[in-house]
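Inspection log for the structure reproduced underneath, given as structure tokens.
Computed from the coordinates by the stated procedures, all read-outs in this text should not be read as laboratory data. Computed from a prediction, not measured in an experiment: that's the story for all the values here. With ideal geometry, Cβ positions are generated from the backbone for all residues, glycine too; neighbour counts draw on all protein chains shown.
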Amino acid sequence: MTAPRLPRRRFLALAALAAVLPGAAARAASDRHVWRGVALGADVQLTVAGGDARTARAFFAEAERALRSIERQFSLYTGSELTRLNAVGRLAQPSPGMVALLELAGRVHDATGGAFDPTVQPLWDARRRGEDETAARALVGWGGVQITPQKIRLSRPGMALTLNGIAQGAAADRLAEVARSHGLREVLIDAGEIRALGARDWQVRIEAPGGQPVRELALRERALATSAALGTRIGPAQRPHILGPGGEAPHWVLVSISADSAALADALSTAAVLLDRPAIDRALARFPGARLEVLAG
């Protein structure tokens with residue numbers, strides 16, 4: 001799992017190339033409307049193909065508001081629902097979005113044999129500071145998270161969550177909902193994870209942390225997430241920023257997974273870095289439509 005204050009995957013990167021219509025050349029740049037911003041430590045780029053400029057501007061304005069709302073829910077450092085939960089160990093009347101995201105996290109936790117575990121936050125902090133990890137390891141465990149529509153509770157003092165392995169995907173999914181509410185059909189959302197809408201093939205390049213191209217693929221009505229174990233290093237020993245709930249080291253250098261949901265692809269790619277190939281296959285089998293796109297050791 002990963003944790004705070006790092007632009008989690010922008011440096012990897014998932015680079016959106018020209019949008020290509022099936023059987024036709026790429027449309028001219030004037031056919032596209034682009035907005036750029038920042039959310040959850042990642043650059044965000046929204047690309048609308050076709051449509052009129054007025055509709056695109058309305059979408060961009062609502063998308064910006066949606067991103068601020070997402071920060072108020074999932075950010076680790078802006079007075080969000082998550083920071084309030086971590087500070088006192090409970091959150092009364094959580095937003096439906098928070099409840100839904102934690103429930104998805106629980107399903108991915110189960111499917112990955114516990115590799116995906118947002119309670120890794122205290123361990124990540126201890127490793128970043130170069131401290132002894134014994135006490136922090138005792139605070140890790142998804143079984144200590146209690147979730148109801150009325151309240152979220154962390155059962156042991158000192159527990160804390162990070163949603164950095166799933167929240168950027170959730171942001172992409174939320175922006176897809178906003179785009180559809182404006183009647184937009186051909187949209188590419190890059191919020192650290194990518195979500196493609198519409199009938200056209202959006203060409204996407206997956207790059208290694210050093211910028212070397214790994215694979216190009218076409219996305220159509222699909223999401224893509226990539227995790228790189230060595231993209232960032234933490235602590236005095238400069239260890240990988242992705243670690244398992246017991247402090248386990250990554251098994252793979254780079255993993256890309258596609259799925260119908262960007263939040264699901266995000267969580268699965270994070271966990272897959274820590275799993276061997278049979279465990280990855282078992283996890284993907286639990287989510288119809290999820291697919292391994294890149295696996296590099």
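Quick notes on this one:
- Derived scalar couplings between HN and Hα for region 174-189 equal 5, 5, 5, 4, 5, 4, 5, 5, 9, x, 7, 10, 10, 9, 10, 10 Hz in order, rounded to whole Hz, by the Karplus curve 6.51 cos²θ - 1.76 cosθ + 1.60 (θ = phi - 60°), x for Gly and Pro.
- Longest segment of the chain lacking trypsin sites (Lys or Arg not before Pro) that sit in a DSSP loop with at most 13 other Cβ atoms within 10 Å: 6-219
- Summarising the label geometry, the points placed 7 Å from Cα in the beta-carbon direction at residue 90 and residue 153 lie 0.6 nm from one another.
- About its Cα centre, the dipole of the chain is roughly 400 debye, where the only charges are +1 on Lys and Arg Cβ and -1 on Asp and Glu Cβ.
- Whole-Hz couplings from phi, Karplus 6.51/-1.76/1.60, listed for region 209-221; x for Gly and Pro: x, x, x, 6, x, 10, 7, 10, 8, 9, 10, 9, 6
- Estimated distance in nm for a label pair at residue 31 and residue 214, the labels positioned 7 Å out from Cα along Cα-to-Cβ: 3.1
- Among 46, 101, 175, the largest mean-square fluctuation in a Gaussian network model of the chain (Cα springs under 10 Å) belongs to 101.
- The chain, relative contact order [Cα under 8 Å, separation at least 6], %: 23
- Read-out Kirkwood radius over Cα pairs in Å, derived from the coordinates shown; its label in [x] 19.8; [y] 20.6; [z] 19.3: [z]
- Among the GluC sites (Glu not before Pro) in region 129-223, those placed in a DSSP loop whose Cβ has at most 14 other Cβ atoms within 10 Å are 131, 221.
- Residues listed by number, region 194-227, amide nitrogen under 17 Å from residue 185 label point at 7 Å toward C-beta: 196-202, 220-222
- Anisotropy class of region 184-269 from Cα gyration tensor, a/c 1.5 cut: prolate
- For residue 293, the residues 5 or more places off, or on other chains, whose built amide H falls under 5 Å of its own are 256, 257, 258.
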